[in-house]
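Contents: one structure, followed by commentary.
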Amino acid sequence: MKVFLKRGKILFLVMVMLCSVILSAGCGFKDIDKRIFIVAIGLDYTKNDTKPYRVILKLAIPSGTAKDSTGPRYTYLTKESATLAEAVRILKTHIDKELDFGQAKMIVLGENLLHRDMEKDIDFFLRRRDIQFISWMAIGRPTAEKVLKTEPSSEMAGSNALFNIFSGIGTESGYIVTTYLFDFRRRLLEPGMDAIVPIIETNKKKTKFIINKAVVFKDHKEKVELTADQTKDYNTLSGNAEKVDVKVKKKGLDFALSVDTVKVKYKILTPANKTPVLKMDVKMEGIVEESKDRLPPSHMDTYSKYASELSKKRLTAFLKMLQKNQVDPLGFGLRYQATHLHTRDTYAEWKQIYPHLKFDVSVKTTVKSVGTVE
């Protein structure tokens, strides 16, 4: 009898605990038809001291099927406020559904925010637990609002063009830099590696995106913008480029090489009483994609040699440009600190070495084919 009573008490306690869990969960849970999903967040600077931030939320409008999506696919909420948190709280009063940040994979910062302390401006995105740390970061030119309100004609229902671009699922390009929120913050705080973020531009009609440039954060206020070719060189050396083009114009030859394999290795040498050297070995393989003249397959070694020489010259010039502007998006300083542990303040030592560093770049390019012409 005592055994049955004891079991009854245990069962009763278990039922009470289950009911309390279900009730507490029900208080915070909202059905999907009571939510509206934010797919992108924009932030612009208003130059107003009392309300310096302009927050733009891009909301997805749900539809039953792709055939039913003939109307607008997105709607937008905008608000100027002193803080981002206050703007979001007020925007909740502008709509009948709960704002859900769980699908917000894109954060666009207006170009006019570049002169401000970016670490403080992104604090909101880092503290909210419902914003993904793997959200993509980008700079919107001229403003984040114009970028978010651009809807390309190629954008299909149920998809987002920016998601396809930065995820690599859609387009693949050596000119596109991908930066995540967690990596952006890490680079802002980590000594020895500078943050780099892609720039999103739009045409006047707001019908297409142009993403082939990037900006490097030298410090909290000063920035260095990379051209399209320099952005491609960064992707080549960082190992982020899956497809890179190499233009070869030398000794009567004029052809374009499509590189599909890039391998980069480097080490920093600091011999005693000698100039420090960064020795870098780059290996590339590809095929001829276009040529102004006929290219006999028997001269493949010559094509490879010319491509190697021109690539070496271009990549060396890119490294010297970074050195001249005192920026380090490739993380050379971080590598130096990890491989030189003889002093406590290795970063201060690296800051003295970097301006005088000599670059010894070796490029070996292999042309595997001249294409399907021959």
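The values are calculated or read from the model by the stated rules, or taken from the named source; none is laboratory data. A quick note: this is a predicted structure, and the numbers were derived from the prediction, not measured. Glycine gets a Cβ as well: all are built from the backbone with ideal geometry, and neighbour counts include every protein chain shown. The area values use the complete protein model at the heavy-atom level, side chains included, leaving out ligands, DNA and RNA. Shrake-Rupley method; radii C 1.70, N 1.55, O 1.52, S 1.80 Å.
Numbers at a glance
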{"item": "Helices (runs of 4 or more DSSP H) contained entirely in the range 113-152, each with at least 1 residues that are surrounded by fewer than 14 Cβ atoms within 10 Å (Cβ to Cβ)", "result": "118-121, 123-127"}
{"item": "Residue list for the range 204-248, restricted to those being in a strand (DSSP E or B) and of a type outside the set (V, I, T)", "result": "F209, N212, K213, A214, F217, K223, E225, L226, D245, K247"}
{"item": "Boolean, Y266 is open to solvent by 40 Å² or more (accessible area, probe 1.4 Å) and in a strand (DSSP E or B)", "result": "yes"}
{"item": "Residue check, E155 surrounded by 17 or more Cβ atoms within 10 Å (Cβ to Cβ) and farther than 15 Å from I56 by Cβ", "result": "yes"}
{"item": "Condition met for K283 (in a helix (DSSP H, G or I) and within 28 Å of S167 (Cβ to Cβ))", "result": "no"}
{"item": "The range 311-322 - residue that is touching a residue at least 40 places away in the same chain (Cβ under 8 Å) and open to solvent by 50 Å² or more (accessible area, probe 1.4 Å) and, of those, farthest from Q230 (Cα to Cα)", "result": "K312"}
{"item": "Subset of the range 329-362 [open to solvent by 70 Å² or more (accessible area, probe 1.4 Å) and either hydroxyl-bearing (S, T, Y) or part of a strand (DSSP E or B) (or both)]", "result": "T339, Y347, K358"}
{"item": "Residues of the range 209-231 satisfying the condition of being open to solvent by less than 10 Å² (accessible area, probe 1.4 Å) and within 16 Å of V259 (Cβ to Cβ)", "result": "T231"}
